[in-house]
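The values are calculated or read from the model by the stated rules, or taken from the named source; none is laboratory data. This structure is a prediction, so every number in the text was calculated from the model and none was measured. Counting neighbours? That spans all protein chains shown, and the Cβs are built from the backbone with ideal geometry, glycine included.
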Amino acid sequence: MRVVVVGGVAAGLSAASRARRLDASLEITVLEKGRRISYAACGLPYLIEGQVASVDALTVYKPEKFERERNIRIRTGAEVVSLQHPRRELVLANGERVKYDRLVWTSGAREVKPSEYADDPRAFVLHTDADAEKLQGYLRDRNPKTAAVLGGGYIGLEMATALRARGLKVSLYQETTDLLGREDAFLTGALLSHLERCRIETHLNTRAPARLDADLILTATGLKPNVTLAAEAGIELGRTGAIRTTETLETNLHGVYAAGDCAETTHVVSGRPIWLPLGTTANKMGRIAGANVTGRRERFPGIAGTSLVRVGGLAVGLTGFSELQARREGFSPVVARISAPGKARYFWGRQVQVELTADRSSRRLVGGSVLGDEGVAGRVNVIATALTMRMTVDDFAQLDLSYAPPYATAMDPLLIAAQQLLHLLD
Ligand SMILES: Cc1cc2nc3c(=O)[nH]c(=O)nc-3n(C[C@H](O)[C@H](O)[C@H](O)COP(=O)(O)OP(=O)(O)OC[C@H]3O[C@@H](n4cnc5c(N)ncnc54)[C@H](O)[C@@H]3O)c2cc1C
């Protein structure tokens, strides 16, 4: 049986590898239009900051490794321009036709560059390895002193602090009143204070001026699922605009699966469709799609909307909904916000801020955030687990969390927040 995977990064390679692990007899081909496969786009801001030497250092596997060790044929520079499902055929840009029996579509997302900067030689996006190399070249050759970053999502924030760390004077513009798209005034307030400490001038609720006076402009104003070809071929899109799939990640075209940034999934808290293009989700969806092309029927359960971002030394972990988002989803949110040391004071424990949101009537946790300089990932992951298991605050407050003075406190900040939430619910 011929399995073809379109896209050779997180979702695509996870799918191809899982399919191979489960079935040695498959003929597996990955078609990737770019010249690299398997690079970690998540590391690109750190490359720009200077903490990572080159894009090659972000490349997890070279094509030869897949071919030699996994017997997966990798074709780079192979752009699919048409999908003709009735004939089980893909057409490549060079006119070649590639046949498949089962197909995994992982075409990713695309960056939307505002039209006013389309031809501005100072303007860059950061979405692919090629974008990063272009930007690196500009930083090296032109030595810009000032930068304007457009967009206060995680890429905008990571890039603002990366450029600042390189010594540029940075202004950040965000059209809405929120940062990180969380619609959380407390979180935005904490981030604003931190950005000020990093000496990044931040303009919220502000469209960047038409004539920006900056040597470098980085636009990070939004992503869209890259689904034009799929839609032209008759693959149904969901209401988020990304590809709609069943729980087994099959599209409406029989034998065609979709995974990663091009596909929507279900929010485990609300049960509604969500499109949140993240690498961790792409890898997990890819594994499921890869299993199912071999004939299995594994389910992808959805996501809690968990993300983690570093903003100039501050780690921010988010999961589920903020208070405002929870209300919009139909919950009656009750919120506890606390600040407590993340480890014993005599081990220089610094403050960790925790926000926990629960639904008043069901007492279920529906969201949370953690901010601090260490121990953030572990704590937000505990909240994400609780959301996935539909835990009530009552159960969450009884969790047996670990303690040793160099790493944690006897009463973890998560449990302190849960206690406060219980008081508010009483
Ligand atoms: C700067 C940056 C920082 C990030 N940081 C994080 C992070 O910290 N944590 C996190 O979880 N996520 C992060 N992400 C997101 C993460 O990188 C993506 O979610 C992930 O790469 C998605 O994987 P994918 O395989 O679905 O899509 P992609 O990685 O976009 O891969 C899709 C591939 O398909 C190829 N393709 C598209 N159309 C065709 C075609 N017609 N023919 C052939 N090939 C085609 C593309 O060339 C591309 O290589 C970050 C992304 C960026 C850009």
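What are the pairs, 6+ residues apart or on separate chains, where a residue within segment 214-234 that is more than 24 Å from residue 7 (Cα to Cα) has its Cβ under 9 Å from a residue that is acidic (Asp, Glu) and away from the ligand (no atom under 11 Å from the Cβ)?
217/120
Test each condition in (1) within 16 Å of the ligand (Cβ to nearest atom); (2) β-branched (Val, Ile, Thr); (3) in contact (Cβ under 8 Å) with a residue 40 or more places away in the chain; (4) more than 22 Å from residue 184 (Cβ to Cβ) for residue 306 and report the one that comes out false.
(4)
Please give the number of the condition residue 108 fails out of (1) farther than 14 Å from residue 258 by Cβ; (2) out of contact with any Phe, Trp or Tyr (no Cβ under 6 Å at 6 or more places or on another chain); (3) within 12 Å of the ligand (Cβ to nearest atom).
Among (1) farther than 14 Å from residue 258 by Cβ; (2) out of contact with any Phe, Trp or Tyr (no Cβ under 6 Å at 6 or more places or on another chain); (3) within 12 Å of the ligand (Cβ to nearest atom), the lone unmet condition for residue 108 is (1).
Tell me, which helices (runs of 4 or more DSSP H) lie completely within segment 365-426 with 2 or more residues that are closer than 16 Å to residue 315 by Cα, at pLDDT 95 or above and out of contact with any strand residue (DSSP E or B) (no Cβ under 8 Å at 6 or more places or on another chain)?
In segment 365-426, 376-388 are the helices (runs of 4 or more DSSP H) which contain 2 or more residues that are closer than 16 Å to residue 315 by Cα, at pLDDT 95 or above and out of contact with any strand residue (DSSP E or B) (no Cβ under 8 Å at 6 or more places or on another chain).
For residues in segment 276-293 being surrounded by fewer than 18 Cβ atoms within 10 Å (Cβ to Cβ) and touching a residue at least 60 places away in the same chain (Cβ under 8 Å), which is farthest from residue 222 (Cα to Cα)?
Looking at residues that are surrounded by fewer than 18 Cβ atoms within 10 Å (Cβ to Cβ) and touching a residue at least 60 places away in the same chain (Cβ under 8 Å), I get 283.
When you look at residue 43, is it surrounded by fewer than 13 Cβ atoms within 10 Å (Cβ to Cβ) and not polar (S, T, N, Q), yes or no?
no
Could you grab me the full set of residues in segment 46-90 that are in a helix (DSSP H, G or I), of a type outside the set (D, E, K, R) and within 24 Å of the chain's Cα centre (by Cα)?
Once the filter is applied, which keeps residues that are in a helix (DSSP H, G or I), of a type outside the set (D, E, K, R) and within 24 Å of the chain's Cα centre (by Cα), segment 46-90 yields 46, 47, 48, 55, 57, 58.
What's the total number of residues in segment 4-45 that are assigned to a loop (DSSP other than H, G, I, E, B), over 30 Å from residue 140 (Cα atoms) and either within 11 Å of the ligand (Cβ to nearest atom) or of a type in the set (Gly, Ala, Ser) (or both)?
Of the residues in segment 4-45, 3 are assigned to a loop (DSSP other than H, G, I, E, B), over 30 Å from residue 140 (Cα atoms) and either within 11 Å of the ligand (Cβ to nearest atom) or of a type in the set (Gly, Ala, Ser) (or both).
I'm told residue 113 meets every condition in (1) in contact (Cβ under 8 Å) with a residue 24 or more places away in the chain; (2) assigned to a helix (DSSP H, G or I) except one. Can you identify the failing condition by its number?
Of (1) in contact (Cβ under 8 Å) with a residue 24 or more places away in the chain; (2) assigned to a helix (DSSP H, G or I), only one is false for residue 113: (2).
Return a yes/no flag: does segment 259-275 have any residue that is within 12 Å of the ligand (Cβ to nearest atom), within 15 Å of the chain's Cα centre (by Cα) and surrounded by fewer than 16 Cβ atoms within 10 Å (Cβ to Cβ).
No, that holds for no residue.
(1) surrounded by 21 or more Cβ atoms within 10 Å (Cβ to Cβ); (2) in contact (Cβ under 8 Å) with a residue 40 or more places away in the chain: which one isn't true of residue 313, the others all being true?
If we test residue 313 against (1) surrounded by 21 or more Cβ atoms within 10 Å (Cβ to Cβ); (2) in contact (Cβ under 8 Å) with a residue 40 or more places away in the chain, just (1) comes out false.
Looking at 280, 294, which one is farther than 17 Å from residue 42 by Cβ and either more than 12 Å from the ligand (Cβ to nearest atom) or modelled with pLDDT of 95 or more (or both)?
That would be 294, the only listed residue that is farther than 17 Å from residue 42 by Cβ and either more than 12 Å from the ligand (Cβ to nearest atom) or modelled with pLDDT of 95 or more (or both).
Would you pick out the residues in segment 349-364 that are touching a strand residue (DSSP E or B) at 6+ places or on another chain (Cβ under 6 Å) and over 22 Å from residue 325 (Cα atoms)?
349, 351, 352
Scan 157, 180, 135, 139 and give me the residue that is within 13 Å of the ligand (Cβ to nearest atom), more than 22 Å from residue 369 (Cβ to Cβ), within 26 Å of the chain's Cα centre (by Cα) and not hydroxyl-bearing (Ser, Thr, Tyr).
The conditions single out 135.
Does residue 305 satisfy being outside any loop (DSSP other than H, G, I, E, B) and among the small types (Gly, Ala, Ser)?
Criteria not met by residue 305.
Name the pairs whose Cβ atoms lie under 7 Å apart, with the first residue in segment 44-57 and among the β-branched types (Val, Ile, Thr), the second away from the ligand (no atom under 12 Å from the Cβ) and not in a loop (DSSP other than H, G, I, E, B), and 6 or more positions between them or separate chains?
48/136; 55/133
If I ask for residues that are assigned to a loop (DSSP other than H, G, I, E, B) and aliphatic (A, V, I, L, M), which ones from segment 91-110 would you list?
The answer is 93, and nothing else.
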